[in-house]
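First comes the structure, then the notes that go with it.
The values are calculated or read from the model by the stated rules, or taken from the named source; none is laboratory data. Computed from a predicted structure; not experimentally measured. Cβ: placed from backbone, ideal geometry, glycine included. Neighbour counts: every protein chain shown.
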Amino acid sequence: MARFEAAPSILGNIAFKKALFQSPSPAPETTKSTTNSELAPSASLIYKVQLQHDIDLNLHHIKKSIHIERLKNLRELSTKLQDDDWRYESAEKLTGLQ
């Protein structure tokens with residue numbers, strides 16, 4: 001997954017985007033049926049949980065990719081230092097400990 005790429009579940013859900021940018025007031029009811037009025041708050045809760053899950057998942061992938069990049073840079077630096085090691089005397093020898 002790319003460094004700052006959003007999860008596909010967020011990108012494909014238009015209703016989720018609408019719910020995300022609405023005010024925190026309750027969703028208006030289109031019908032007075034008890035089943036529809038009971039589903040609206042639970043759907044809102046599902047979207048909130050899905051948002052939090054997707055944010056946590058993306059944050060995990062971002063941290064992992066940054067960590068992998070950091071390890072790669074440290075590996076390259078270690079290799080470079082090992083290649084240049086023959087040019088310099090050891091610190092122990094310079095301080096007289098060896």
The lone exception for His60 - which of (1) loosely packed, with under 10 Cβ neighbours inside 10 Å; (2) in a helix (DSSP H, G or I) it fails: (1)
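State whether the residues of segment 84-92 include one that is charged (D, E, K, R), surrounded by 10 or more Cβ atoms within 10 Å (Cβ to Cβ) and modelled with pLDDT under 95. Give the derivation first.
Here is the first cut: in segment 84-92, the ones charged (D, E, K, R) are 84-85, 87, 89, 92.
Pick out the ones that are also surrounded by 10 or more Cβ atoms within 10 Å (Cβ to Cβ) and you get none.
Checked segment 84-92: no residue is charged (D, E, K, R), surrounded by 10 or more Cβ atoms within 10 Å (Cβ to Cβ) and modelled with pLDDT under 95.
Determine which member of the set Ile55, Ile46, Ile66 is touching a Lys or Arg at 6+ places or on another chain (Cβ under 9 Å) and either modelled with pLDDT of 95 or more or part of a helix (DSSP H, G or I) (or both).
Going through Ile55, Ile46, Ile66 in turn, just one is touching a Lys or Arg at 6+ places or on another chain (Cβ under 9 Å) and either modelled with pLDDT of 95 or more or part of a helix (DSSP H, G or I) (or both): Ile66.
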Condition met for Ala2 (at pLDDT 75 or above and loosely packed, with under 10 Cβ neighbours inside 10 Å): no
Unmet criterion (only one of (1) at pLDDT 75 or above; (2) in a helix (DSSP H, G or I)) for Leu97: (2)
